[in-house]
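What follows is calculated from the coordinates using simple rules that are stated; it is not laboratory data. Remember, predicted model here, so these are calculated numbers, not experimental data. As a convention, Cβ positions derive from the backbone with ideal geometry for all residues, glycine included, and neighbour counts pool all protein chains shown.
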């Protein structure tokens with residue numbers, strides 16, 4: 001799938017959307033494996049959404065956009081659902097679904113650097129690179145550390161984040177641990193984890209979807225709550241090596 005389709009191909013989808021009343025248009029952030037993998041229209045979040053919405057009788061089409069623009073483009077093209085959002089993304093809370101996926105952001109440094117981190121504020125002493133909108137999502141303490149850091153920037157290309165760290169170009173990267181494991185394995189193989197220190201400085205981030213239709217949002221919430229108790233969900237977690245982080249949150 002080429003970048004033309006990722007950024008502008010949604011025009012074709014939008015023009016044809018509505019012909020099939022049972023098809024929903026979704027907007028997802030670019031390249032966040034194992035959560036979103038545009039090249040094969042798959043990933044944990046993509047498959048989860050397809051499976052839950054299929055129980056409601058819907059099929060899906062997906063548009064991939066830079067992560068920081070997910071909500072804006074969802075509004076611009078009047079898409080049915082925008083993925084991986086929170087109230088901190090500028091979304092009205094009433095439009096958000098129940099949390100459907102959990103990201104665990106961590107700080108990662110090369111073991112040879114012998115960097116010790118026990119609290120977020122200590123990041124201010126190091127050069128940092130993180131994902132788009134991290135300074136909004138990760139809280140006030142991280143935002144302040146990023147301002148004081150000798151070098152801080154955010155990248156939409158998270159593989160590039162991992163490359164910068166492994167090549168010694170940056171002191172610390174901040175990203176979801178599952179995304180790091182995916183890209184690190186792609187770049188350097190299975191043994192890369194032994195070469196880094198993973199600093200657990202952040203609480204889990206529970207992401208939601210934005211659904212403008214109250215009826216569809218309520219139906220999704222109910223269907224998702226039922227879905228996470230099924231064997232199908234357990235198999236999806238196993239496929240993408242995800243922990244069971246949401247089952248207890250919605251247990252009866």
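For region 105-126, the residues whose backbone nitrogen is under 19 Å from a point 7 Å from the Cα of residue 144, taken along Cα to Cβ, are 117-126. Taking Cα atoms, how many degrees apart are the long axis of helix 177-188 and the longest axis of the chain, rounded to 10 and kept between 0 and 90? Here the helix axis deviates by roughly 70 degrees.
Let's test the formula: R0 of 30 Å, r as the Cβ-Cβ distance of residue 136 and residue 111. What FRET efficiency results, to the nearest 0.05?
0.50
Using the beta-carbon distance between residue 54 and residue 204 and R0 = 22 Å, what value does 1/(1 + (r/R0)^6) give for FRET efficiency, to the nearest 0.05? That pair, residue 54 with residue 204, gives E of 0.20.
A simple spin-label model places pseudo-atoms 7 Å from Cα toward Cβ; at residue 186 and residue 72 they are separated by 2.5 nm. Structure remark: mean-square fluctuation, Gaussian network model of the chain, C-alpha springs under 10 Å; the largest value among 224, 131, 153 belongs to 153. Using 0.36 nm per residue and subtracting the Cα-Cα separation, the extra length available between residue 127 and residue 22 on full extension is 33.0 nm. Relative intensity of region 135-252 on a log10 scale, I(q)/I(0) at q = 0.20 Å⁻¹, equals -1.20, per a Debye sum over C-alpha point scatterers of equal strength in the absence of solvent.
A simple spin-label model places pseudo-atoms 7 Å from Cα toward Cβ; at residue 118 and residue 226 they are separated by 5.0 nm. Note on region 105-199: antiparallel DSSP beta bridges, both residues inside, total approximately 55 percent of the bridges counted.
DSSP finds beta bridges in the chain, and of those with both partners inside it, around 55 percent are antiparallel. Listed from fewest to most Cβ neighbours within 10 Å, the set 157, 80 follows the order 157, 80. Helix 214-227 and the longest principal axis of the C-alpha atoms of the chain enclose an angle of approximately 70°.
Hey, could you grab the Kirkwood Rh for region 105-199? Inverse mean 1/r over distinct alpha carbon pairs, Å, one decimal.
It is 13.1 Å.
Please work out the Cα center distance from region 53-117 to region 132-157, rounded to the nearest Å. The two parts, judged by their Cα centres, are 17 Å apart. Spin-label model, residue 169/residue 94: points 7 Å from Cα along the beta carbon direction are separated by 4.6 nm.
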